[in-house]
Structures are given as C-alpha cells and as structure tokens.
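Data block below; observations after.
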Amino acid sequence: QAQLVESGGGLVQPGGSLRLSCAASGISIESYAISWHRQAPGKQRELVTLITPGGRVVRGNPAKGRFTISRDSANNTVYLSMNILKPEDTAMYYCNADNGVGSYWGQGTRVTVSS
C-alpha cells in the first residue's frame with residue numbers, strides 16, 4: 001500500500017524559510033514523478049514543482065526563484081525547500097507520486113506565512 005506523508009509545515013514570518021518533507025512508503029520515489037502542489041483557501045490546487053524519475057525538475061510559477069525540490073533516495077523522501085516566503089505562499093502543501101499507472105496523494109501540511 002503506497003503512502004505519502006508530508007511534514008515540516010508551520011507558521012513562519014515573511015522572508016523566512018521552511019523545508020517540507022514527503023516521506024514515501026510502499027513505492028520507490030525514483031520510479032515516480034514526485035510533485036508538490038499547494039492549495040490556498042478559496043483557490044484551486046496548483047503545481048509548485050516536480051521531479052521526474054530521471055531527475056529532471058519542472059518548476060511551476062510559485063517555485064521560480066525561491067523554491068527547490070530535492071530527492072533523497074536512501075530515505076525515500078522528497079523535500080521542498082522554500083525561501084523568502086511571502087504571505088501569499090500560505091496554503092496547504094501536498095505531495096503526489098505518479099507513474100502513469102498509479103497516483104497517490106499525501107494528507108498535506110499547512111504553511112502559514114504571517115507576521
């Protein structure tokens with residue numbers, strides 16, 4: 001049974017940093033495209049960034065210049081490092097694993113950027 005568990009969210013001041021984790025079990029992250037998405041209150045879920053099985057990174061608009069995705073195969077975990085956070089980054093952040101056959105979502109971790 002595949003499972004993704006996000007962690008690392010919390011309250012941070014504008015300009016601060018956070019690193020989110022997406023720990024996978026039941027699948028190998030190297031065999032899936034792992035993506036981070038976010039959903040702010042009242043808005044649609046949007047792609048933040050993803051990493052393909054081959055290691056190619058695709059950045060959505062929210063990630064450009066400030067967010068970085070990385071993969072730790074030994075721990076079967078994908079990270080989202082977020083810098084220079086802004087109030088508009090406040091959202092639930094979800095990770096997804098997709099290999100074209102199966103698609104799995106985590107339960108999300110909340111990020112709040114506020115002074």
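The values are calculated or read from the model by the stated rules, or taken from the named source; none is laboratory data. Because the structure is predicted, anything quoted here is derived from the model rather than measured. With ideal geometry, Cβ positions are generated from the backbone for all residues, glycine too; neighbour counts draw on all protein chains shown. Accessible surface is based on the protein model in full, side chains and every heavy atom, while ligands, DNA and RNA are left aside. Shrake-Rupley method; radii C 1.70, N 1.55, O 1.52, S 1.80 Å.
Observations
- Across the range 1-36, the number of residues qualifying as part of a loop (DSSP other than H, G, I, E, B) and free of Cβ contacts under 8 Å to residues at least 60 places away in the same chain comes to 3.
- Top-ranked residue in the range 101-110 [being open to solvent by 70 Å² or more (accessible area, probe 1.4 Å) and in a loop (DSSP other than H, G, I, E, B); ranked as nearest to K43 (Cα to Cα)]: Q107
- Only residues that are of a type in the set (D, E, K, R) and either in a strand (DSSP E or B) or crowded, with 21+ Cβ neighbours inside 10 Å (or both) were counted in the range 66-89, giving 3.
- The set of residues in the range 15-49 being surrounded by fewer than 16 Cβ atoms within 10 Å (Cβ to Cβ), closer than 21 Å to K86 by Cβ and in contact with a helix residue (DSSP H, G or I) (Cβ under 6 Å, 6 or more places away or on another chain) is empty.
- Of all residues assigned to the range 50-65, none qualifies as being touching a strand residue (DSSP E or B) at 6+ places or on another chain (Cβ under 7 Å), open to solvent by 30 Å² or more (accessible area, probe 1.4 Å) and touching a residue at least 60 places away in the same chain (Cβ under 8 Å).
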